1. Take segment 39-56 and flag every residue that is touching a residue at least 24 places away in the same chain (Cβ under 8 Å) and more than 6 Å from the ligand (Cβ to nearest atom).
2. Return a yes/no flag: does segment 425-437 have any residue that is part of a loop (DSSP other than H, G, I, E, B) and surrounded by 14 or more Cβ atoms within 10 Å (Cβ to Cβ).
3. So which residues in segment 17-38 are away from the ligand (no atom under 13 Å from the Cβ) and closer than 23 Å to L72 by Cβ, if there are any at all?
4. Go over the candidates T563, T584 one by one and state the one that is buried (at least 22 other Cβ atoms within 10 Å of the Cβ), touching a residue at least 60 places away in the same chain (Cβ under 8 Å) and in contact with an Asp or Glu (Cβ under 9 Å, 6 or more places away or on another chain).
5. Exactly one condition in (1) touching a strand residue (DSSP E or B) at 6+ places or on another chain (Cβ under 9 Å); (2) over 30 Å from V37 (Cα atoms); (3) among the small types (G, A, S) is not met by G158; state its number.
6. Which pairs turn up if I take residues in segment 113-139 that are more than 14 Å from V156 (Cα to Cα) and look for partners that are acidic (D, E) and surrounded by 14 or more Cβ atoms within 10 Å (Cβ to Cβ) with beta carbon separation below 9 Å, at least 6 apart in sequence or on another chain?
7. Looking at segment 132-145, which of the residues that are in a loop (DSSP other than H, G, I, E, B) and modelled with pLDDT of 90 or more is surrounded by the most Cβ atoms within 10 Å (Cβ to Cβ)?
8. Only one of these is more than 16 Å from the ligand (Cβ to nearest atom) and either in contact with a Gly (Cβ under 6 Å, 6 or more places away or on another chain) or without any contact (Cβ under 8 Å) to a residue 24 or more places away in the chain (or both): E61, E76, E98. Name it.
Amino acid sequence: MNVLEATDVHRVYATTDAPALRGVSLKIQRGEFVAIVGPSGAGKSTFLNLLGLLDTPSSGELRINGVETSGLTEGERDRLRSQTFGFVFQDSFVLPEESVARNVALPLRMRGIPQDQQVDLVSSAIDQFGLIRKSSQLAGTLSGGERQRVAFARAVAGKPVILLADEPTGNLDSENTRLVLGHLEMLNASGVTVIVVTHSDEVARVAERVVRVEDGQVVSDQSVASQTPATVVDCGQLAGLDPAPKTPRTRSLRGWHLPEALTSLLLAPVRSFAILVAFVVAISGLVVAANLTATAADQVSETLSAAALDEVVVRLPDAGASLQAAERATELQGVLFASGSAALSESEATLRRYVGDVTMESAVATRIVDDRFLATPEVSVWPEHATALFSASDGSRAAILGPEAATSLGIAPDAIGDEIEIAGQPVTVVGHLTGAERDPTLLTSVLVSQADFVQPANLSWDLTVRTQPGLPARIAEALPLAIDPAHPESAQVRTVADIRTLTKGVNADLALTVLLVSVILLMLVCLTSSISMFLTVISRTREIALRRAVGATRRDIRALFLTEGTLIGLAGSLAGVALGVGATVAISVALGWSPSFDMVGAALAILAGVAAGSLSAVIPSRRAARIEPALALKAV
Ligand code: ADP
């Protein structure tokens, strides 16, 4: 029976004018040993690639075991190829970073053969080619002859019906050539059909049939009488093993893709690490940003909540009503104290200090405050008697400086008595603010007394009422009537609870900003990782072609690279989350905050990392799947 039958096969390459094959017809029977010879460029490799289903004819018929191949789908061709052929190329194409045993097992892994059967098949093939002592050595460290033996062992491990060898002795010395010829004869004797492309007379001499190709055509086809026809023996029987198991097709990550992807990543640690770092940076940035936003928001909320619990602010129509309003407010049950203040912006009240001929100007806010203001427990001033000087209604204008205001005017924190000018009014510095717990903005301000500072018209005056905890809402209701029974509508109550709602909005805005920044960061990582994976695909072209030649489908190759991307994304995001949490703790401790962690956010970050990893592999994996093995495996 003919195992191979080519009828009037043509192959025309799109990029060349002359056809590589012009009507080749050939029948090869099971168990034959055929040498295809001819000058360089005659079309021998092209023909061998067509026979091995690594390429398709432009026209003509090709039957394998009686099956016409032109009607097969790509998946069927892949399966038929991996179950029928073993390949040996001129360049032995070993995977240099993998061990001899793993190289030999490659076709079996690509076909999804179970691990225990792989072990038997690999050890038998390794034994057959005298590689037992080398089985755990890295293939990249082997000599040329040893590599070619690995290539033979790999080709026969899956127990092929037909061995296709393209110039298998092309790069070998005479000693290794003799060994290879011995292997070819041995395989043929065990029943394997051997077809070898060669320009070596020595190789052609061991064949029982020599087909001469010239200029894309078969010009002679001779059986060599001296050769005894090979006995047709089943290769499996000879090796004492069962014939190769039927290949289970693996179409998902449940098959070999996951371990294979993991191995590929681990075998190229530098490359994997570089991509991993990008993911770690992005994901940890995302986690730190999200956690610190939450921590900072908590901090702000805490301050505001405290205010909401015991503070009511009332806007009064004019300053004149302030003192009386404060007095009336304090009469209400539950009110601890009340004081009034009004803020002048930097532009409304320029600060000047004259030192000799030099005029110093400062832009800080000015607060006009009533006498009660400095009695508020959270506000502390130095020296102690400054409060009395400030409130004295002796006609002189007094000011108390916040530390930042003092610095900007060049006044030492322990200096008093300096003359300054605020909104054109001369003022004497009588003291310095040393603490303002509830209102840190005071530290950047200058305080002047309501009693002697001439106020601009239409100034809004705020009465801050401090209550017992939990009472602001009730007191806020009672205040307008208590302050001005005749015109309760003139006082506008602003409870701090409103501000709490406001912070929620601010927090949401902040979270959105962080999210946007994170998404942009992740997109950048996707791009970087995609580019590096694309470069990886290009550098692994031959490896991919080899995987295809020995059994992997295009879908397998796509799945392999997608799995690699997903694994990197997963590893990167796990490490990124861990780093992010650590960094959040460190930063919070340094700033004296209590850190907040967003667990849902962390889970989302991991998901985002995995998605980004897979996404970045989409285009490279498609590129990898498009690699044509016949072209990529051409000897260079
Ligand atoms: P041989 O193996 O006999 O040396 P080949 O089969 O490699 O010859 O090549 C036969 C002809 O086809 C040559 O002219 C070669 O340039 C051409 N050829 C082979 N592969 C390709 C390709 N992928 N694209 C274009 N031309 C090709």
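1. Passing the criteria: P39, F47, L48, N49, L50, L51, G52, L53, L54, D55.
2. Just the residues of segment 425-437 that are part of a loop (DSSP other than H, G, I, E, B), to begin with: 437.
Narrowing the set further to residues that are surrounded by 14 or more Cβ atoms within 10 Å (Cβ to Cβ) leaves none.
Checked segment 425-437: no residue is part of a loop (DSSP other than H, G, I, E, B) and surrounded by 14 or more Cβ atoms within 10 Å (Cβ to Cβ).
3. Listed by number, the residues that qualify are G23, S25, L26, K27, I28, Q29, R30.
4. Numbers: T584 fails: in contact with an Asp or Glu (Cβ under 9 Å, 6 or more places away or on another chain).
Going through T563, T584 in turn, just one is buried (at least 22 other Cβ atoms within 10 Å of the Cβ), touching a residue at least 60 places away in the same chain (Cβ under 8 Å) and in contact with an Asp or Glu (Cβ under 9 Å, 6 or more places away or on another chain): T563.
5. For G158, the exception is condition (2).
6. If the second residue must be acidic (D, E) and surrounded by 14 or more Cβ atoms within 10 Å (Cβ to Cβ), the pairs left are K134/E146; Q137/E146; L138/E97; L138/E98; A139/E97; A139/E98; A139/E146.
7. Residues of segment 132-145 in a loop (DSSP other than H, G, I, E, B): 135-137, 142-143.
With the extra rule that they be modelled with pLDDT of 90 or more, the set shrinks to 135-137, 142.
Values: S135: 18, S136: 9, Q137: 15, L142: 20.
Checking each candidate, the answer is L142.
8. Details: E61 fails: either in contact with a Gly (Cβ under 6 Å, 6 or more places away or on another chain) or without any contact (Cβ under 8 Å) to a residue 24 or more places away in the chain (or both); E98 fails: either in contact with a Gly (Cβ under 6 Å, 6 or more places away or on another chain) or without any contact (Cβ under 8 Å) to a residue 24 or more places away in the chain (or both).
On inspection, the qualifying residue turns out to be E76.
The values are calculated or read from the model by the stated rules, or taken from the named source; none is laboratory data. Nothing here was measured: the structure is a model prediction, and the numbers come from that model. Here the Cβ is made from the backbone with ideal geometry for all residues, glycine too, and neighbour counts use every protein chain on show.
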